[in-house]
Amino acid sequence: MPDTAPAARPLFAEFALVIDAALDGLVEQGALPPELARGAVTAEPPRDPAHGDVSTNAAMVLAKPAGTNPRALATVLIAELARDPRVVSADIAGPGFINLRLTPAAWLSELRLIAQSGDAYGRSTMGAGSVVNVEYVSANPTGPMHMGHCRGAVVGDALATLLAFAGHDVIREYYINDAGGQVDVLARSVHLRYREALGHDVGEVPEGLYPGDYLIPVAQALAAEYGDAYALAPESAWLVLFRTRAVAAMMAMIRDDLALLGIHHDVFSSEAELQAAGKPEAAEAWLRAHDLVYDGLLEAPKGKVADDWEPVQMPLFRSTRFGDDQDRPIRKSDGAWTYFGADLAYHYQKAQTADALVNIWGADHAGTVKRIRAAVAALTGAEGDAMPFEVKLVQMVHLLRDGAPVKMSKRAGNFVTLADVVHEVGKDVVRFTMLTRKPDAQMDFDFAKVVEASKDNPVFYVQYCHARVCSTLRKAAAEGFAPDPAALDRLGDEELALIRLAAQFPRVVESAAQAREAHRVAFFLSDLAAGFHAYWNVGNDRPEKRFIMADDAALTGARLFLAAQIGQVVKNGLAILGVTAAEEL
């Protein structure tokens, strides 16, 4: 079997250029007009591998603007594509899709490229350095992280890593909601614990305050520093101090909790600092200058209206211009900023530092999406597909143990802490599990199932794939064998099928980054692991298909080379997800 030098690009990217060059040839021949937009032309695997190795929709996409029919265009296009020595055949399928079959040497070249690229295999320049701000977690600073925050934290962090791997400059941001009523409640809760630390009988924690024991150390520190100076003082004397100290302590706790998952943000933006710096006023002034804020009467709330409701004049943002169902107030009747007004200012600030914004929000924020999209559209002047803003909604996680709901944490007061879960099952299990379903789908997290050593557990199955590769290489080394590409031409159809699967990784990276969906990488890894395990099992039934052939060093070297590159792709994918590539289990 003839061999070729490694391609400079991953195979599907290489054939995208081959298709583009073939289209250039048709333009030179006068068969295509030169001005046709080719952005929608793809080079990808056929849905059914039996149809070939590379499929393109070029004829389907370009026929109508070229004034011809897809099959006619496909006929002349395959004549150009067949000139490439790596193309064994080019066939027309259906109304005009083109399927290419490649030489085995093309796939072996890709295997060498994986080895040559190592940890960089799959890395893309698609993002071209454009700046993407990914805001995720942004939990209220009122206590430790709980499992309600966990899924969004992992989804956001994996997405940020994915975008960086695809060539974007990424800002990982956490928005601290430290200007609302919830932080005043936090301060009052700490004051109660402060009095308790001084020996006061405070009884049960009153309804409406945070009951968790995690506030006790904060209160004890304040008691040690200030004694009883604020024990009986009016709230006005201690509220700001206690709020500031409590928020700082909670944010330190949150950072520590996130670090257990390997999550670290670049920027922590404070809502209180945003307001103190006059950013909401600046945003309002800009919007008024562009006739996007006016003083008007707020519409009556939908449904039954309270008897004492009266129309009040407020500054309203013209969100209906941008698809919202009503204009939204940015200030309350007392002049204080509404949540929307503060959020609008925050996104105004972010839009000045990034080319695109991605927010990872809990599904309970779904009602806010339309108005914030309207605000960003107004502030950036971009709408529709050009909108540099999107929200990924994340559903809650239901915690189970052997199918039964998990009880709440006493330390936290009314929820299960993220730290408790990570300490029990480990960072890698938590992170990978959070990405085994689409973020907007409900998820059950069963403590028993996520650590189960079986093929039904995707966390184990993917990590076991990498561990199995490492074990095979160690065993081979002990017997005097090593990966060697010299005899790759002896690999057969089963091995080539595995290479074809691994070679999709660069495409998966780019498509996942474009869709802002890191879970696609997890799905791909599950498929690749399944393919590797299936090949391994063939060797159990057919000894001639085993990786280590004691009487055939050349074939053993080729198969070990294949195994090493499968392991490399799995490792690269797990790195995007923030999961360790285990070397043994």
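Each value in this text was obtained by applying a stated rule to the coordinates, not by laboratory testing. These numbers come from a predicted model, not from an experiment. As a convention, Cβ positions derive from the backbone with ideal geometry for all residues, glycine included, and neighbour counts pool all protein chains shown.
In the list Glu510, Glu517, which residue meets the criterion of being farther than 20 Å from Ser454 by Cα, acidic (Asp, Glu), within 30 Å of the chain's Cα centre (by Cα) and part of a loop (DSSP other than H, G, I, E, B)? After ruling out the rest, the residue left standing is Glu517.
Exactly one residue out of Val202, Val218 is free of Cβ contacts under 8 Å to residues at least 24 places away in the same chain, more than 30 Å from Val293 (Cβ to Cβ) and of a type outside the set (Asp, Glu), and it is Val202. Within the set Ala512, Ala503, Ala487, Ala530, the sole residue that is small (Gly, Ala, Ser) and within 24 Å of Asp157 (Cβ to Cβ) turns out to be Ala512.
Here His264 meets the list (1) in contact with a helix residue (DSSP H, G or I) (Cβ under 9 Å, 6 or more places away or on another chain); (2) in a helix (DSSP H, G or I); (3) not acidic (Asp, Glu) almost entirely, failing just condition (2). The residues of the range 384-400 that are touching a Lys or Arg at 6+ places or on another chain (Cβ under 9 Å), surrounded by fewer than 17 Cβ atoms within 10 Å (Cβ to Cβ) and of a type in the set (D, E, K, R) amount to a single one, Glu390. Out of all the residues in the range 168-190, which are touching a Leu at 6+ places or on another chain (Cβ under 8 Å) and not aliphatic (A, V, I, L, M)? Selection gives Asp184, Arg188, Ser189. Every condition in (1) crowded, with 16+ Cβ neighbours inside 10 Å; (2) in a loop (DSSP other than H, G, I, E, B) holds for Lys407 except the one numbered (1).
Listed by first and then second residue, the pairs linking a residue in the range 161-189 that is on the phi > 0 side of the Ramachandran plot to a residue that is among the hydrophobic types (A, V, I, L, M, F, W, C), with Cβ atoms under 9 Å apart and 6 or more places separating them unless they lie on different chains, are Gly167/Met126; Gly167/Ala128; Gly167/Ala513. Counting only strands (runs of 3 or more DSSP E) that fall entirely inside the range 1-114 and contain at least 3 residues that are surrounded by fewer than 19 Cβ atoms within 10 Å (Cβ to Cβ), the qualifying elements are 87-93. Filter the range 276-297 down to the residues that are over 26 Å from Val132 (Cβ atoms) and in contact with a helix residue (DSSP H, G or I) (Cβ under 7 Å, 6 or more places away or on another chain) and list them by number. The answer is Val293, and nothing else. Applying the condition of being touching a residue at least 40 places away in the same chain (Cβ under 8 Å) and in a loop (DSSP other than H, G, I, E, B) to the range 323-364 and asking which residue is surrounded by the most Cβ atoms within 10 Å (Cβ to Cβ) yields Ile330.
One line per residue, one yes/no per condition, for (1) outside any loop (DSSP other than H, G, I, E, B); (2) touching a residue at least 24 places away in the same chain (Cβ under 8 Å); (3) in contact with a Leu (Cβ under 7 Å, 6 or more places away or on another chain):
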site	(1), (2), (3)
Gln463	yes, yes, yes
Arg468	yes, yes, no
Ser471	yes, yes, no
Arg474	yes, no, no
Ala477	yes, no, no
Ala482	no, yes, yes
Ala487	yes, yes, yes
Glu495	yes, yes, yes
Arg500	yes, yes, no
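Return a yes/no flag: does the range 174-189 have any residue that is part of a strand (DSSP E or B), among the hydrophobic types (A, V, I, L, M, F, W, C) and out of contact with any Gly (no Cβ under 7 Å at 6 or more places or on another chain). Taking every residue of the range 174-189 in turn, at least one turns out to be part of a strand (DSSP E or B), among the hydrophobic types (A, V, I, L, M, F, W, C) and out of contact with any Gly (no Cβ under 7 Å at 6 or more places or on another chain). None of Ala554, Ala564, Ala550 is under 21 Å from Ala478 (Cα atoms), in contact with a Pro (Cβ under 7 Å, 6 or more places away or on another chain), of a type outside the set (Val, Ile, Thr) and surrounded by fewer than 22 Cβ atoms within 10 Å (Cβ to Cβ) except Ala564.
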